[in-house]
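Heads up: the structure comes next, in structure tokens.
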Amino acid sequence: MDDDFDLGEQLHEDSQQSTEKLIFDAIELSKTDPGAMYEPEVLEALQHVAATDPAGYARYRADFKSANKNNSVTRLDKLIDAFAGGSKGDDTKADKLVELLQERGTFFYNKAREAFVSFERDEHIEVWPLQSTGFQEWAGYTFFKELGKTAGETTLKSATDSLSGLAKYDGEEHETFIRAAQYGKGYVLDLCNGAWSVVHIYPGGWEILKNSPVKFWRTETMREIPTPTKTGVRGVNDVLWKHLNILEEDRVLLLAFILECLRPETPFVIAELIAGQGCAKSTTQGNIRDLIDPNAVNLRAAPKTSEDIFVGAGNNWLASYNNLSHLSAPMQDALCTLATGGGFASRQLYTNFDEVLLECKRPVMMNGISSLATAQDLIDRAIRFNLPEIAEYREEAILQEEFIQDKPEILAAIYDLFAQTLKKLPDIVVKNPPRMADFTRLGEAMSQVLGHEPGAFLSLYNEVRAQAIINALDGSPVALAIQDFLEAHPLGLNQVLMKDALERLEEFKPSGEAWPKTPRGLGDILRRTKPGLKAIGINVIFYARTKKGVQVTIEPIPFFHEKNKDQNQRTPRTPHTPETVTTGVSADKKWCTLENQCTPDIHQNGQHTPNVHPTYTAENRMVMGKGVHSVRGVRQNQTQIFEQKKDTGLNQSTPQENADVEYF
């Protein structure tokens, strides 16, 4: 009897070992043969394990998934159920749809734990979020082609919910991108065409790739960037500027802004286009966006809330706002957050505690009739472009048709410039850069590629920043009163109560202007304008609250005027370049010339080189208000308030010429 028991036990152990070996062999084979797990003997073995050892079956199931991401464990479950005489015919439409889509696509999630699918179609790879219209259309199409039936809304929703969970818990994590992505030492841009091809821009060149090396996803409103065309015709930059109404002295800044929009890893500057009616500011902004991130609606209306800003930015690469008249303080803060990276949080539903996080970093453009950036934080991130008046109007339809025809050549020239700028970038060092240091370094590299002197871009950018600060102060009654007060009382106010400061400054209040009614209101204004006042030589110091109240000091910065004396006695802009600057082109080409410009003197090797342009006058650019005073180191119509050191802090190498590349 004991012998019979020992024999039965031995046979059971032999059978169990045989089953384990069969399954282990199938797991190994499935790494290269997804059908190995569906062989009848393997299914029989797995069905036996599922019936006798559910925990062991769960482990085998996980091993099959780890061996090959294309192994469909959901289909395996159903086949084992059918093999055991289960209800195969009772599968729902949603179950069948899940099975079909898992066979044809790869489901994964990104760092925000959003579910995505990638699948091959017409010899290219497409990537869609599971909550997108693109995925829903693909799912419905697949179901109909396979079964000849339509998948209803309930079926699609049930399948999407199941696949979303499978993507997040069984899938892998991958980084996803919209429109632009960093790749190696260069960048890739999604052309958003039917072939899902991309442009790969790297130091020294660019190329069109059939399949993207990164996972780009799209929204329904994104539009195609036409394939760039290298025509070999020099001077294509002349074509660009006939479509953009930008002052010649501002063009190098706009080119830097366009290139910076293609670098998603850096903080973005904000472009502010200001002009009166009929100056083509909307057309100019729309065309700029068409070169970066074309959309079904290139120009959006003013957002109503901060949440609107992040919702719109989440589905667009470039945030573009048209005809703004005013930006509230919260709106300006939100734009700063959007340009440098951040997010917005709110309750998902009032019935639960889930939180919706809207996080992104996007380049921003906006236009209006009057200045929009008034908060110092936004001013420091923005570049203001004052558009000139148009001498002659043409039909909109004709202009758009010409722009569409010229766009492939313009894009090729932009990518050429970006590639050569990336090649030059490692050689550029900027000492003591302004706040937007990445943009400054890129702009300086681009400027040298264009043939301009080292330090030229930094000087131009500093001058534009200075003008923006002065414009903001000129619109502040308190800032104007402080400047007038210090003219009459050069020693300023030394550690006085805020209420006493309010009384003293009120004597110099501009007529008809809004004025703070309380010491607290004055304190809030002083905190907001403190960076701007410091830039023009006025120091504001706050002290800890006492029993009597908050104390403040408002005084001139010692020796500020002497430090800036040389700059204040000169026209604020000297030319960045000789009258004609070319890179790899004949001398008669003038499309990289910045005529009628002035920047501060550039000091190189200890030598002072003023190099003043004979035809430039400050009035060509500056539109100054009544509150700018020379005693603070800033003269009327002269805005050089950033000290220029003899050591420019920039690499002094000469840009390398390339006769095969068309520059701006």
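The values are calculated or read from the model by the stated rules, or taken from the named source; none is laboratory data. Source: prediction; values computed, not measured. Don't worry about glycine lacking a Cβ; one is built from the backbone with ideal geometry, like all the others, and counts go over all protein chains shown.
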Which of the residues that make up segment 380-400 are aliphatic (A, V, I, L, M), more than 23 Å from the chain's Cα centre (by Cα) and surrounded by 10 or more Cβ atoms within 10 Å (Cβ to Cβ)? Leu387, Ile390, Leu399
So, Gln136, is that one in a loop (DSSP other than H, G, I, E, B), under 18 Å from Asn315 (Cβ atoms) and in contact (Cβ under 8 Å) with a residue 24 or more places away in the chain or not? no
Going by the conditions given, is Asp95 in a helix (DSSP H, G or I) and modelled with pLDDT of 85 or more? yes
Going by the structure shown, is Asn245 at pLDDT below 95 and either hydroxyl-bearing (Ser, Thr, Tyr) or under 25 Å from Ala468 (Cβ atoms) (or both)? yes
What about Ile404, is it assigned to a helix (DSSP H, G or I), among the β-branched types (Val, Ile, Thr), surrounded by fewer than 22 Cβ atoms within 10 Å (Cβ to Cβ) and in the same structural domain as Phe268 (by TED's automatic domain parsing)? yes
Determine the pairs where a residue that is charged (D, E, K, R), located within segment 182-200, has a partner that is at pLDDT 95 or above and surrounded by 24 or more Cβ atoms within 10 Å (Cβ to Cβ) with Cβ atoms under 6 Å apart, the partner being 6 or more residues away or on another chain. Asp190/Arg179; Asp190/Val198
Please return the ranges of helices (runs of 4 or more DSSP H) entirely within segment 420-490 where 3 or more residues are outside the structural domain of Ser511 (by TED's automatic domain parsing) and modelled with pLDDT of 95 or more. 437-449
List pairs: first residue in segment 35-46 and more than 14 Å from Asn71 (Cα to Cα) and of a type in the set (Asp, Glu), second residue modelled with pLDDT of 85 or more and surrounded by 19 or more Cβ atoms within 10 Å (Cβ to Cβ) anywhere in the structure, Cβ distance under 9 angstrom, at least six positions apart or on different chains. Glu41/Ala26
Of all residues in segment 256-303, which are over 22 Å from Lys361 (Cβ atoms) and among the charged types (D, E, K, R)? Lys281
Residue hits (segment 369-388; modelled with pLDDT of 90 or more, out of contact with any helix residue (DSSP H, G or I) (no Cβ under 7 Å at 6 or more places or on another chain) and outside any strand (DSSP E or B)) are Ile369, Pro388
So if I check each of Thr160, Thr176, which one is more than 20 Å from the chain's Cα centre (by Cα), surrounded by 15 or more Cβ atoms within 10 Å (Cβ to Cβ) and β-branched (Val, Ile, Thr)? Thr160
Taking first residues from segment 102-113 that are free of Cβ contacts under 8 Å to residues at least 40 places away in the same chain and second residues anywhere that are of a type outside the set (Phe, Trp, Tyr), the pairs with Cβ under 7 Å that are 6 or more apart or on different chains are Glu103/Ser72; Arg104/Thr142; Gly105/Val117; Gly105/Ser118
Tell me which of these Ala302 doesn't satisfy, since it passes every other one: (1) assigned to a loop (DSSP other than H, G, I, E, B); (2) crowded, with 21+ Cβ neighbours inside 10 Å. (2)
Given the structure, is Glu265 in a helix (DSSP H, G or I) and either buried (at least 22 other Cβ atoms within 10 Å of the Cβ) or of a type in the set (D, E, K, R) (or both)? no
For Leu189, indicate whether it is under 30 Å from Ala275 (Cβ atoms) and outside the structural domain of Leu399 (by TED's automatic domain parsing). yes
Which one of the conditions (1) buried (at least 20 other Cβ atoms within 10 Å of the Cβ); (2) in contact with a Leu (Cβ under 9 Å, 6 or more places away or on another chain) does Trp138 fail to meet, given that it meets all the rest? (1)
Scanning for something closer than 27 Å to Arg384 by Cα and either touching a residue at least 12 places away in the same chain (Cβ under 8 Å) or not assigned by TED's automatic domain parsing to the domain that holds Arg384 (or both), does segment 499-510 turn up at least one residue? yes
Here is a check on your reading of the model: is Gly184 loosely packed, with under 15 Cβ neighbours inside 10 Å and more than 19 Å from Pro294 (Cβ to Cβ)? yes
What are the residues in segment 166-209 that are closer than 15 Å to Pro228 by Cβ and assigned to a loop (DSSP other than H, G, I, E, B), if any? Leu191, Cys192, Asn193, Ala195, Ser197
In segment 475-508, which residue that is touching a strand residue (DSSP E or B) at 6+ places or on another chain (Cβ under 8 Å) and among the β-branched types (Val, Ile, Thr) is nearest to Lys530 (Cα to Cα)? Ile482
